[in-house]
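A.B. asks: Below you'll find the structure I mean.
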Amino acid sequence: MKKFFKFPFYMALVATLTVNLSSCSNDDPVPGTGIDNTEELEGILSQYVDNTVIVTYSRLADATIELEETCNTLYQHKVAGIATQTDVQNVCDAWINSRKFWEYSEAFLLGPATLQGIDPHIDSWPLDKTALDKLLGNTQIMEDLDASYITTNYGSGGLCGFHALEYVVFESGKAKDVSKISNNEAKYAYAVSGDLKLQCVILEASWAGFENINADKKSFLEEEEAVPDSNVDNWGEHFKNAGNAGSRYRTQIEALVDLIKADKACFGIANEVGDTKISDPVGSQNVLDVESWYSYNSKTDFQDNIRGIQNVIMGGVGDKRDEDKSVYAYLLQKNAALANELKAAIENCIGEDGKTGLGTIVYPFRDNLQPEKNQAAIASCQALRDKLSEVATYLQENK
């Protein structure tokens, strides 16, 4: 049985989802029409797949491979009685590096991350502390605990993923004192990191195509019986091949609009950052509603979500960007004012200079939940969300 089929909610999820693709009504590929297909749009969609999505997932997978290695070292050293503070710091550093790529990727959760239940599996919060204490105290489970147990038994967060690992190794925004981490907690962290690695390698393979990932990753997925099946393998081809038979998208414009406006794409994450990730804890005044509060990484998480949108709109991740093959460049030709409004809304929301948008959040976010301290951040996300919707509507109406 393939590992990503083991999540208990998987089949129900697939049955109820509309795939979060605005152009599709079912899970079967639709015949392309070829209407309005252009080389320019083909180039933009290929740039999106190859140099935004796949490169992000590839780097995420590589980062989680390193993360598992650091967790293994911590665990082995704990058992041997030689664990050091450096061992914990190395895990924390690897966690932060992995987290960055994951947060970028939330701008394109449409497709495999949602269909396979990977998003809720590795990124749900808060941690179920009561259940974790019970797990750590269960001698029989702990004796055999490994990544496969985590994969099989914990479908939707609470005891797995980024925040479970974060809890073990972070305290008050810093690496936890090594003496405060028990042998069982270190073993648990190692198991969680192995499952996290598996899910992220699956994501890379699902978008790039199993045959296009490196040999080590291929062998790993084969050993774990987790090779993506035809429903999700090579998902990027749906965008690259938009407008042709076999693609889920009947036209290239439909594909372009979806990567902007889908609930699991740019629009969705802009909305979630403002109206859930920030607004929920501000409204409840409950630190348990704050994402990444053990590491104090919340503000960075939020900004990286919007940087992910920036990568999508501006034509790729920083070192792979080609602005000539971007949503921004395409829109610029049609409506320069609207294109520059979108670009400005993204930059304003990120707030790199600390004077606008998310940049105005007071660090650490978990200790500064007062509404007046977060109004600018929330408003900037809402403004970006609305601008993304306006752009998508404009593109649909001005093909």
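A.B. asks: Anything in segment 263-321 that is within 16 Å of the chain's Cα centre (by Cα), surrounded by fewer than 19 Cβ atoms within 10 Å (Cβ to Cβ) and among the hydroxyl-bearing types (Ser, Thr, Tyr)? List them, or say none.
C.D. replies: Thr276 - this is the single residue of segment 263-321 that is within 16 Å of the chain's Cα centre (by Cα), surrounded by fewer than 19 Cβ atoms within 10 Å (Cβ to Cβ) and among the hydroxyl-bearing types (Ser, Thr, Tyr).
A.B. asks: Continuing with this model, one more query. Assuming Thr152 fulfils every condition listed in (1) of a type outside the set (Phe, Trp, Tyr); (2) in contact with a Ser or Thr (Cβ under 6 Å, 6 or more places away or on another chain); (3) in a helix (DSSP H, G or I); (4) modelled with pLDDT under 95 apart from one, which condition is it?
C.D. replies: Answer for Thr152: the failing condition is (2).
A.B. asks: Would it be correct to say that Ser124 is among the hydroxyl-bearing types (Ser, Thr, Tyr), touching a residue at least 12 places away in the same chain (Cβ under 8 Å) and over 23 Å from Gln310 (Cα atoms)? Give the steps one after another, and end with the answer.
C.D. replies: On the way: among the hydroxyl-bearing types (Ser, Thr, Tyr): yes; touching a residue at least 12 places away in the same chain (Cβ under 8 Å): yes; over 23 Å from Gln310 (Cα atoms): yes.
Taking the combined requirement at face value, the residue satisfies it.
Residue by residue, here is whether (1) over 26 Å from Asn97 (Cβ atoms); (2) of a type in the set (A, V, I, L, M, F, W, C) holds:
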position	(1), (2)
Leu135	yes, yes
Thr139	yes, no
Ala147	no, yes
Asn153	yes, no
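A.B. asks: Just need a number here: residues in segment 171-227 that are of a type in the set (A, V, I, L, M), touching a Pro at 6+ places or on another chain (Cβ under 7 Å) and touching a residue at least 40 places away in the same chain (Cβ under 8 Å).
C.D. replies: Taking segment 171-227 as the starting set, the residues that turn out to be of a type in the set (A, V, I, L, M) are 175, 178, 181, 186, 189, 191-192, 196, 198, 201-203, 205, 208, 213, 215, 221, 226-227.
Still in the running and touching a Pro at 6+ places or on another chain (Cβ under 7 Å): 202-203, 205.
Checking which are touching a residue at least 40 places away in the same chain (Cβ under 8 Å) leaves us with 202-203.
The total comes to 2.
A.B. asks: Would it be correct to say that Lys197 is of a type in the set (Lys, Arg) and either assigned to a helix (DSSP H, G or I) or surrounded by fewer than 19 Cβ atoms within 10 Å (Cβ to Cβ) (or both)?
C.D. replies: On the way: of a type in the set (Lys, Arg): yes; either assigned to a helix (DSSP H, G or I) or surrounded by fewer than 19 Cβ atoms within 10 Å (Cβ to Cβ) (or both): yes.
Yes: the conditions hold for Lys197.
A.B. asks: Among the numbered conditions (1) modelled with pLDDT of 95 or more; (2) surrounded by 21 or more Cβ atoms within 10 Å (Cβ to Cβ), tell me where Gly43 comes up short.
C.D. replies: Gly43 satisfies every listed condition except (2).
A.B. asks: While we're on this one: Got a number for residues in segment 79-125 being more than 16 Å from the chain's Cα centre (by Cα) and more than 20 Å from Gln303 (Cα to Cα)?
C.D. replies: Of the residues in segment 79-125, 13 are more than 16 Å from the chain's Cα centre (by Cα) and more than 20 Å from Gln303 (Cα to Cα).
A.B. asks: Search segment 351-399 for residues being under 24 Å from Ile260 (Cβ atoms) and in a loop (DSSP other than H, G, I, E, B), and hand back the single one that is modelled with the lowest pLDDT.
C.D. replies: Only one residue tops the list, namely Lys399.
A.B. asks: Being β-branched (Val, Ile, Thr) and more than 20 Å from Ser46 (Cα to Cα) is the filter here, so list the residues in segment 312-347 that pass it.
C.D. replies: Across segment 312-347, the qualifying residue is only Ile346.
A.B. asks: Name the residues in segment 352-389 that are out of contact with any Cys (no Cβ under 9 Å at 6 or more places or on another chain) and β-branched (Val, Ile, Thr), would you?
C.D. replies: Thr360, Ile361, Val362, Ile378
A.B. asks: Could I ask something else about it? Inside segment 112-146, can you point out the residues that are crowded, with 21+ Cβ neighbours inside 10 Å, among the small types (Gly, Ala, Ser) and touching a Gly at 6+ places or on another chain (Cβ under 9 Å)?
C.D. replies: Gly117, Ser124
A.B. asks: Shifting gears a bit: So how many residues does segment 204-233 have that are small (Gly, Ala, Ser) and under 19 Å from the mean Cα position of the chain (by Cα)? Explain how you work it out, then say what you get.
C.D. replies: Going through segment 204-233, the residues small (Gly, Ala, Ser) turn out to be 205-206, 208-209, 215, 219, 226, 230.
Among the residues that remain, those that are also under 19 Å from the mean Cα position of the chain (by Cα) are: 205-206, 208-209.
Residues flagged as small (Gly, Ala, Ser) and under 19 Å from the mean Cα position of the chain (by Cα) within segment 204-233 amount to 4.
A.B. asks: Okay, next question. Which members of segment 71-91 meet the condition of being buried (at least 20 other Cβ atoms within 10 Å of the Cβ) and touching a residue at least 40 places away in the same chain (Cβ under 8 Å)? Can you show your working first?
C.D. replies: If we filter segment 71-91 for residues that are buried (at least 20 other Cβ atoms within 10 Å of the Cβ), which is where we start, we get 71, 74-75, 78, 83, 87-88, 90-91.
Listed by number, the residues that qualify are Cys71, Leu74, Tyr75, Lys78, Ala83, Asp87, Val88, Val91.
A.B. asks: Scan segment 50-62 and report the pairs whose first residue is surrounded by 24 or more Cβ atoms within 10 Å (Cβ to Cβ) and whose second residue is aromatic (Phe, Trp, Tyr) and part of a helix (DSSP H, G or I), with Cβ atoms within less than 6 Å and a gap of 6+ or a chain change.
C.D. replies: From residues that are surrounded by 24 or more Cβ atoms within 10 Å (Cβ to Cβ), the pairs are Val53/Phe108; Val53/Trp207; Thr56/Phe101; Thr56/Tyr104; Tyr57/Trp207; Leu60/Phe101; Leu60/Trp102.
A.B. asks: With the requirement that a residue be β-branched (Val, Ile, Thr), outside any loop (DSSP other than H, G, I, E, B) and under 30 Å from Ile44 (Cβ atoms), what does segment 247-303 give you? Working first, answer last.
C.D. replies: Step one: of segment 247-303, the residues β-branched (Val, Ile, Thr) are 251, 253, 257, 260, 269, 273, 276, 278, 282, 287, 290, 300.
Those left that are additionally outside any loop (DSSP other than H, G, I, E, B): 253, 257, 260, 269, 273, 276, 278, 282, 287, 300.
Matches in segment 247-303: Ile253, Val257, Ile260, Ile269, Val273, Thr276, Thr300.
A.B. asks: Additional query: Would you be able to say whether some residue in segment 232-243 is buried (at least 19 other Cβ atoms within 10 Å of the Cβ), more than 20 Å from Tyr57 (Cβ to Cβ), in contact with a helix residue (DSSP H, G or I) (Cβ under 6 Å, 6 or more places away or on another chain) and in contact (Cβ under 8 Å) with a residue 40 or more places away in the chain?
C.D. replies: yes
A.B. asks: Among the listed residues Leu342, Leu338, Leu332, Leu358, identify the single one that is of a type in the set (A, V, I, L, M, F, W, C), in contact with a Phe, Trp or Tyr (Cβ under 9 Å, 6 or more places away or on another chain) and surrounded by fewer than 20 Cβ atoms within 10 Å (Cβ to Cβ).
C.D. replies: Working: Leu342 fails: surrounded by fewer than 20 Cβ atoms within 10 Å (Cβ to Cβ); Leu332 fails: in contact with a Phe, Trp or Tyr (Cβ under 9 Å, 6 or more places away or on another chain); Leu358 fails: surrounded by fewer than 20 Cβ atoms within 10 Å (Cβ to Cβ).
Of the residues listed, the single one that is of a type in the set (A, V, I, L, M, F, W, C), in contact with a Phe, Trp or Tyr (Cβ under 9 Å, 6 or more places away or on another chain) and surrounded by fewer than 20 Cβ atoms within 10 Å (Cβ to Cβ) is Leu338.
The values are calculated or read from the model by the stated rules, or taken from the named source; none is laboratory data. What you see is a predicted model, and the numbers here were worked out from it, not measured in a lab. For neighbour counting, all protein chains shown are included, and Cβ atoms are generated from backbone atoms with ideal geometry for every residue, glycine included.
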